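Working notes for the structure below.
The values are calculated or read from the model by the stated rules, or taken from the named source; none is laboratory data. Nothing here was measured: the structure is a model prediction, and the numbers come from that model. No Cβ is skipped: glycine too gets one built from the backbone with ideal geometry, and neighbour counts run over all protein chains shown. Heavy atoms of the whole protein, side chains included, go into the accessibility calculation; ligands, DNA and RNA do not. Shrake-Rupley method; radii C 1.70, N 1.55, O 1.52, S 1.80 Å.
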Amino acid sequence: MSYDVVVIGSGPGGYVCAIKAAQLGLKTAIVEKRPTHGGTCVNVGCIPSKALLHASEAFAHAGHVFADLGIDVGKPKLDLKQMLAHKTRTVEQNTKGLDFLMKKNKIDVLRGTGKVMGKGKVSVAGEDGKSSDVETKNIVIATGSDVAGIPGVDVEFDEKVVVSSTGALEFEKVPGHLVVVGGGVIGLELGSVWARLGAKVTVVEFLDTILGGMDGEIAKQFQRMLGKQGLEFKLGAKVTAVKKAGKGASITFEPVKGGDAETIEADAVLVATGRRPFTEGLGLEEAGVELDDRGRVATDGHCRTNVEGIYAIGDVIAGPMLAHKAEDEGVAVAEIIAGQAGHVNYDVIPSVVYTDPEVASVGKTEEELKKAGVDYKAGKFPFSANGRARAMLATDGFVKVLADARTDRVLGVHILGFGAGEMIHEAAVLMEFGGSSEDLARTCHAHPTMSEAVKEAALATFANPIHM
Ligand code: NAI
């Protein structure tokens, strides 16, 4: 067989790239070793976690918020089996949807493990051990990432007691005490799920803050909120051992600044200390494709590797490990292969933590602007002063807009609050067009909406907000 494009890996980067390439008239195949498309995100990541986040949030609201709204449902009873079935159904709907999209766009699906055999050639090894070669003008590596584990610590994942994000999506019963190693996105999202369902959750984090890299003020307030929800934090603590102990696990950590080690026993431990690019067995070395110093496929700003006709996108290259970043790179690469001007604006990639409340941000944090010596102004507005938020009992959190002091151009927007993950996109569109905080503040926002807080925060960068 001979193709214009062969994409290896059908996660959000790979499948989007294949669809776009096919839409642009390129003869396209996609290689996938899992029985279903969608990669980590659809099968064991973004999608199933959101199903559980939504369900557990509804459970928590039924327990705490409904009564204040005048709804008496008594004490809600958890049916974990049904909740997990909802998660499984959600995943199935998405993977079936992807099968349909592959067929609709006439993309050949090559089942098996793909290997680059040099420029223009990919071999696909099926489960039966048989390999077949396909010829292609272009190869796109979209193999994603895998659980990184804890550097220097031997962690044996059994996905029942010592779990990665995959096992944390399918505990058969709510763990009495769940220790989460890593206060990053996965740890906080999945930690919140099980805390809402009744687990005692202790988060052990190396840094002095949760969500390292997020705006510091947002992270601090967010941690306080999670604390009120019952999550316990051990910050500045380095985990040095994770072991199975009896029916549970023991986790040892020591203060980063030095001091005595501490060991806690738990019913389960979720290790969420990051992910690493997946490049094993891909034949990259033999094909002469260079990796960077962190083991990622090295690319130029347009996802081209050092070998002509071989591209790489998503978690396997530099940049944030986010599905939507991979998707945009997939589109850009398909366009470049088709002779168009594909491009990703890496300065405007939103990120969302799907907790309750959500945390969303786009652009620079205050810490980054300070470090770069940029003269900026900040405007803030709390949801407690927003009418819609009061009506929904969603007054926790605030919006922060950061704008260049000289030009008024918006450089970063950070939102902590209900619906932050949806609201952030007005900031992303504004920033994509190089908009100013005055542009945002003068754009009519429907009343009453949570989004009015974004408008007011923009106004607060250069004038007094109206409702405060
Ligand atoms: P992460 O990089 O976000 O967080 C890992 C945390 O573990 C860091 O805060 C780090 O300081 C800490 N850590 C590392 N070694 C440690 C040790 N020995 N002891 C204690 N703490 C230690 O990684 P995470 O949460 O595993 O997520 C992996 C990737 O998946 C990230 O790139 C993330 O952005 C992405 N992701 C994004 C989601 C979203 O956008 N909503 C959801 C889930 C994952």
Single residue of the stretch 193-218 satisfying the filter (over 29 Å from A378 (Cα atoms) and small (G, A, S)) that is farthest from the ligand (Cβ to nearest atom): G198
Members of the stretch 219-245 that are open to solvent by 20 Å² or more (accessible area, probe 1.4 Å), away from the ligand (no atom under 11 Å from the Cβ) and farther than 23 Å from E367 by Cβ: K228, Q229, G230, E232, K243, K244, A245
Identity of the residue in the stretch 288-306, within 14 Å of I139 (Cβ to Cβ) and open to solvent by 20 Å² or more (accessible area, probe 1.4 Å), that ends up nearest to the ligand (Cβ to nearest atom): T299
Qualifying positions in the stretch 148-168 - among the aliphatic types (A, V, I, L, M) and within 13 Å of the ligand (Cβ to nearest atom): A148, I150, V153, V155, V163, A168
Every residue from the stretch 404-421 that is under 24 Å from the mean Cα position of the chain (by Cα) and within 16 Å of E367 (Cα to Cα): V410, L411, G412, V413, H414, I415
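Being over 30 Å from E232 (Cα atoms) and open to solvent by 30 Å² or more (accessible area, probe 1.4 Å) is the filter here; which residues of the stretch 263-287 pass it? Give the derivation first.
The first filter runs over the stretch 263-287 and keeps only residues over 30 Å from E232 (Cα atoms), leaving 277-287.
Within the stretch 263-287, F278, E280, G281, E285, E286 meet the criteria.
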Qualifying residue in the stretch 266-280 (condition: assigned to a loop (DSSP other than H, G, I, E, B), of a type outside the set (D, E, K, R) and away from the ligand (no atom under 16 Å from the Cβ)): yes
Filter pass, R196 being in contact (Cβ under 8 Å) with a residue 24 or more places away in the chain, over 25 Å from S145 (Cβ atoms) and either touching a Cys at 6+ places or on another chain (Cβ under 9 Å) or not hydrophobic (A, V, I, L, M, F, W, C) (or both): yes
Helices (runs of 4 or more DSSP H) contained in the stretch 316-435 and holding at least 1 residues farther than 19 Å from E217 by Cβ: 323-337, 387-391, 420-432
Of all residues in the stretch 307-318 being open to solvent by less than 40 Å² (accessible area, probe 1.4 Å) and not hydrophobic (A, V, I, L, M, F, W, C), the one that is farthest from A272 (Cα to Cα): G309
Filter pass, K77 being open to solvent by 20 Å² or more (accessible area, probe 1.4 Å), over 30 Å from A241 (Cα atoms) and in contact (Cβ under 8 Å) with a residue 24 or more places away in the chain: no
Candidates A219, A148 - the one that is farther than 22 Å from G45 by Cα, of a type in the set (G, A, S) and out of contact with any helix residue (DSSP H, G or I) (no Cβ under 8 Å at 6 or more places or on another chain): A219
Single residue of K228, K244 found to be touching a strand residue (DSSP E or B) at 6+ places or on another chain (Cβ under 8 Å), within 30 Å of K160 (Cα to Cα) and assigned by TED's automatic domain parsing to the domain that holds G167: K244
Which listed residue, of G70, G13, G38, is of a type outside the set (A, V, I, L, M) and either more than 16 Å from the ligand (Cβ to nearest atom) or surrounded by fewer than 15 Cβ atoms within 10 Å (Cβ to Cβ) (or both): G70
Verdict on E189 being among the charged types (D, E, K, R), part of a helix (DSSP H, G or I) and within 10 Å of the ligand (Cβ to nearest atom): yes
Scope the stretch 148-176; condition closer than 25 Å to G63 by Cα and open to solvent by 30 Å² or more (accessible area, probe 1.4 Å); matching residues: E170, E172, K173, V174, G176
Residue tally, condition small (G, A, S), near the ligand (Cβ under 10 Å from one of its atoms) and either outside any loop (DSSP other than H, G, I, E, B) or more than 16 Å from T240 (Cα to Cα) (or both), over the stretch 169-186: 1
Odd one out for V256, checked against (1) among the aliphatic types (A, V, I, L, M); (2) in contact with a helix residue (DSSP H, G or I) (Cβ under 9 Å, 6 or more places away or on another chain); (3) within 16 Å of the ligand (Cβ to nearest atom): (2)
